[in-house]
Amino acid sequence: MAPTLLFNALRQATDEEMARDPSVFVLGEDVGHYGGSYKVTKDLYQKYGDLRVLDTPIAENSFTGMAVGAAMTGLRPIIEGMNMGFLLLAFNQIANNGGMLRYTSGGNFKMPLVIRGPGGVGRQLGAEHSQRLESYFQSVPGLKMVACSTPYNAKGLLKAAIRDDNPVLFFEHVLLYNLKEDIPDEEYIVPIDKAEVVRRGKDVTILTYSRMRHHVMQAVPTLVKQGYDPEVIDLISLKPLDFDTIGESICKTHRVIIVEECMKTGGLGAEITASINDRLFDELDAPVLRLASQDIPTPYNGALERLTIVQPEQIVEGVQKILSKKF
């Protein structure tokens, strides 16, 4: 075991997969000589050359389309979005091409494509650099979506995503890159379709992902001190959802809170709530409670920015509310 920063865990995964499989390559803005905006690809071009760590122009639609074509011909491209919000410029290539080609070609083409990069609300990055794209892409057929939250799952998930024959959107949070954790020295893989039970409890199920996992865990000591016993689940796989793990927890606690950084209107929590009501309505002792970001562009002002996203104290209040049945 060795203490590793999250961005270095991602770098290790990329390096190991490129060494293992010569069809794996990285492309994006400043991924080569500069080493990536958050140093996930630092020095890899020296090891693998400019054609396997390919610096591209500032043209997301073009290099994403090129990656789709590369995946169709048997390569395994990893796109790094300098900021995930910029990939809205490549929405057509990701959705209409990457997401659908395996189906529309009658299975003649596989689509082993990973699209990864920083997103989420950082610290005063402004509205366009604070995007959460999971709600944009959740309804696109053919895409898989995962969100890493620790150095351990970041490395294992990225390795699994690179080996998958389908397009995987790999969400990283800009404020988690310097998170440090001991990870195994030997190779390991984390399944990209499984949730993680972070804390077992019996009173209420808290479903979360990405940075909000850490906000939830900051709230847990206060909740325990107040006599509550929450079960915390990191969804990790946003599409498809691991409903076996979700359902098992709900059948035990009978109460659910969803904590997300995405906006409440049309967010991932709305889809999860609908799925829970469809499948497990009779197991619920209270309506599903959603804690989500404000439906506004993220302010640049630091104090206002903090007010737009869910804070640990709001999670404590949410648990108190759902267990007191005061709706």
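The values are calculated or read from the model by the stated rules, or taken from the named source; none is laboratory data. Only a predicted model underlies this, so the values are computations on that prediction, with no experimental measurement involved. Backbone-built Cβ (ideal geometry, glycine too); neighbour counts: all protein chains shown. Ligands, DNA and RNA are excluded from the accessible area calculation, which covers all protein heavy atoms including side chains. Shrake-Rupley method; radii C 1.70, N 1.55, O 1.52, S 1.80 Å.
Answer with yes or no whether V220 is free of Cβ contacts under 8 Å to residues at least 24 places away in the same chain, more than 18 Å from L6 (Cβ to Cβ) and touching a strand residue (DSSP E or B) at 6+ places or on another chain (Cβ under 7 Å). It is true that V220 is free of Cβ contacts under 8 Å to residues at least 24 places away in the same chain, more than 18 Å from L6 (Cβ to Cβ) and touching a strand residue (DSSP E or B) at 6+ places or on another chain (Cβ under 7 Å).
Going through (1) buried (at least 20 other Cβ atoms within 10 Å of the Cβ); (2) among the polar types (S, T, N, Q); (3) outside any loop (DSSP other than H, G, I, E, B) one by one, S210 falls short only on (3).
Checking L175, L158 one by one, the residue that is among the hydrophobic types (A, V, I, L, M, F, W, C), assigned to a helix (DSSP H, G or I), on the phi < 0 side of the Ramachandran plot and touching a residue at least 12 places away in the same chain (Cβ under 8 Å) is L158 and no other.
Of the candidates S130, S149, S139, the single residue that is of a type in the set (S, T, Y) and free of Cβ contacts under 8 Å to residues at least 24 places away in the same chain is S139. For region 20-35, the tally of residues that are open to solvent by less than 70 Å² (accessible area, probe 1.4 Å) and more than 23 Å from A90 (Cβ to Cβ) stands at 1. I'm checking my understanding of the structure. Among residues of region 305-327 that are open to solvent by 90 Å² or more (accessible area, probe 1.4 Å) and either assigned to a helix (DSSP H, G or I) or basic (K, R) (or both), which one is modelled with the highest pLDDT? Here the residue is E317.
Only residues that are open to solvent by 20 Å² or more (accessible area, probe 1.4 Å), within 19 Å of the chain's Cα centre (by Cα) and in contact (Cβ under 8 Å) with a residue 60 or more places away in the chain: list them for region 1-19, please. Those that are open to solvent by 20 Å² or more (accessible area, probe 1.4 Å), within 19 Å of the chain's Cα centre (by Cα) and in contact (Cβ under 8 Å) with a residue 60 or more places away in the chain: L5, F7, N8, Q12.
Pairs are defined by a Cβ separation below 8 Å, a sequence spacing of at least 6 or placement on different chains, a first member in region 26-42 that is small (G, A, S), and a second member that is open to solvent by 40 Å² or more (accessible area, probe 1.4 Å) and assigned to a loop (DSSP other than H, G, I, E, B); the pairs so defined are G28/M82; G32/D50; G35/K42; G35/D43; G36/D30; G36/K42; S37/D30; S37/M82.
Exactly one residue out of Y228, Y188 is in a loop (DSSP other than H, G, I, E, B), open to solvent by 10 Å² or more (accessible area, probe 1.4 Å) and either under 27 Å from D15 (Cα atoms) or basic (K, R) (or both): that is Y188. The lone criterion from (1) in contact with a Ser or Thr (Cβ under 6 Å, 6 or more places away or on another chain); (2) closer than 30 Å to H214 by Cβ; (3) part of a helix (DSSP H, G or I) left unmet by Y136 is number (1).
Against the condition more than 21 Å from the chain's Cα centre (by Cα), over 25 Å from V190 (Cβ atoms) and open to solvent by less than 50 Å² (accessible area, probe 1.4 Å), how does L280 come out, does it pass? It is true that L280 is more than 21 Å from the chain's Cα centre (by Cα), over 25 Å from V190 (Cβ atoms) and open to solvent by less than 50 Å² (accessible area, probe 1.4 Å). Taken over region 167-185, the criterion of being open to solvent by less than 40 Å² (accessible area, probe 1.4 Å) and over 20 Å from G120 (Cβ atoms) is satisfied by P167, I183, P184.
Screening region 51-125 for strands (runs of 3 or more DSSP E) wholly inside it with 1 or more residues that are on the phi < 0 side of the Ramachandran plot and open to solvent by 60 Å² or more (accessible area, probe 1.4 Å) returns the ranges 53-55.
Can you confirm whether T222 is polar (S, T, N, Q), assigned to a helix (DSSP H, G or I) and under 30 Å from G142 (Cβ atoms)? Answer is no for this residue.
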